[in-house]
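K.L.:
Got a structure for you, questions after.
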Amino acid sequence: MDMELSALLARAREAGLDERTIDLAEQGDATAQCNLASCYEIGDGVAKDQVEAAAWYRKAAEQGHAGGQGSLGVCYSRGEGVERDPVAATAWYRKAAKQGLGSAQFNLARCYKYGVGVERDLVEAAAWYQKAAEQRIFNAAYELGVMYANGRGVPKDDAEAAKWYRLAADQGNTDAQASLGYMYVNGVGVPQDDAEAAKWYRSAAEQGDASSQQDLGLLYSQGRGVPQDEMEAARWWRLAAEQGNTNAQISLGFMYLNGEGVRQDKVEGARWIRLAAEQGGGYWRRYALA
């Protein structure tokens with residue numbers, strides 16, 4: 001047994017971690033080694049210790065354990081327990097990704113997308129996002145949808161973008177839900193359908209997405225896909241405005257100025273428009289009367 005492993009085992013026993021797991025780790029069980037790493041990483045039954053976590057992940061990774069490899073890659077990416085090293089992070093992600101670990105495929109795709117630890121390559125990024133998305137890594141599905149929508153790393157294909165957005169949106173990804181809402185409002189990659197747009201905007205809006213709250217408010221104001229309802233429009237615009245969405249602040253301000261959906265209050269209307277103007281909406285300063 002190597003001295004480093006002996007020292008790791010001794011410290012794990014001293015810390016009072018599960019003896020069965022320690023015994024298995026001593027016998028070379030890579031999953032047990034990962035479990036010990038996780039205990040140190042999150043402070044489960046022991047004080048958090050990123051150095052110990054990284055050391056145990058390395059023991060598992062060096063045996064070819066995909067989870068250990070992917071986790072060690074994260075350690076190098078964040079500089080947790082080891083010196084930050086994007087090149088080493090990418091190398092470990094690649095080892096895990098080639099074994100089919102979806103989270104590592106997603107992280108490797110991001111490395112290629114942003115050129116971190118590897119030369120930037122959008123074609124490679126798209127390929128790894130697709131592998132991860134096919135394993136139901138839903139953030140990867142959204143990212144792949146963005147690439148198809150913009151023709152980056154793949155041919156531009158709005159229908160294909162909508163397909164990947166939907167996979168992510170069905171699992172609650174708010175960016176994907178908002179993107180689908182936009183596509184249905186405008187008939188991009190899907191048949192134009194205001195009711196379907198309202199459905200997706202609502203899904204994202206109910207999770208607090210300010211842009212979708214603004215867009216859902218607009219649909220209520222115009223009666224598109226939902227019954228026209230100025231009070232409901234004002235409700236959604238207020239939620240977005242309180243998060244700093246300038247379009248919603250302006251819309252809510254005019255509702256107060258005109259008494260639409262809310263009780264008329266010119267001071268309150270001017271206040272909301274002023275907030276928008278202070279964020280750069282200079283055109284609207286002339287309406288900030290109070």
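K.L.:
What is the number of the single condition among (1) in contact with a Leu (Cβ under 7 Å, 6 or more places away or on another chain); (2) at pLDDT below 95; (3) surrounded by fewer than 20 Cβ atoms within 10 Å (Cβ to Cβ) that Leu17 does not meet?
P.N.:
Checking Leu17 against (1) in contact with a Leu (Cβ under 7 Å, 6 or more places away or on another chain); (2) at pLDDT below 95; (3) surrounded by fewer than 20 Cβ atoms within 10 Å (Cβ to Cβ), the one that fails is (3).
K.L.:
Let me ask you something else. Report yes if Asn150 is surrounded by fewer than 17 Cβ atoms within 10 Å (Cβ to Cβ), closer than 30 Å to Lys113 by Cβ and either modelled with pLDDT under 95 or in the same structural domain as Tyr129 (by TED's automatic domain parsing) (or both), otherwise no.
P.N.:
So Asn150 passes the test.
K.L.:
Against the conditions (1) in a helix (DSSP H, G or I); (2) aliphatic (A, V, I, L, M); (3) within 18 Å of Leu180 (Cα to Cα), where does Val226 fall short? Just the number, please.
P.N.:
Of everything listed in (1) in a helix (DSSP H, G or I); (2) aliphatic (A, V, I, L, M); (3) within 18 Å of Leu180 (Cα to Cα), Val226 misses just condition (1).
K.L.:
Does at least one position in the range 193-215 carry a residue that is among the aromatic types (Phe, Trp, Tyr) and more than 20 Å from the chain's Cα centre (by Cα)?
P.N.:
no
K.L.:
A further question on this structure: Do the conditions hold for Gln279, that is, is it closer than 27 Å to Asp175 by Cβ, surrounded by fewer than 17 Cβ atoms within 10 Å (Cβ to Cβ) and modelled with pLDDT under 95?
P.N.:
yes
K.L.:
While we're here: Suppose the filter is in a helix (DSSP H, G or I), buried (at least 21 other Cβ atoms within 10 Å of the Cβ) and of a type in the set (Asp, Glu); does Asp215 pass it?
P.N.:
Criteria met by Asp215.
K.L.:
Mind checking whether some residue in the range 198-206 is modelled with pLDDT of 95 or more, more than 24 Å from Asn139 (Cβ to Cβ) and in a helix (DSSP H, G or I)?
P.N.:
The answer is yes; a qualifying residue exists.
K.L.:
Scan the range 81-120 residue by residue and report those that are of a type in the set (D, E, K, R) and either on the phi > 0 side of the Ramachandran plot or surrounded by 15 or more Cβ atoms within 10 Å (Cβ to Cβ) (or both).
P.N.:
Asp85, Arg94, Lys95, Arg110, Lys113
The values are calculated or read from the model by the stated rules, or taken from the named source; none is laboratory data. Fair warning: this is a prediction, and the values are worked out from it, not measured in the lab. Please note: Cβ atoms are built from the backbone with ideal geometry, for glycine as well, and neighbour counts cover all protein chains shown.
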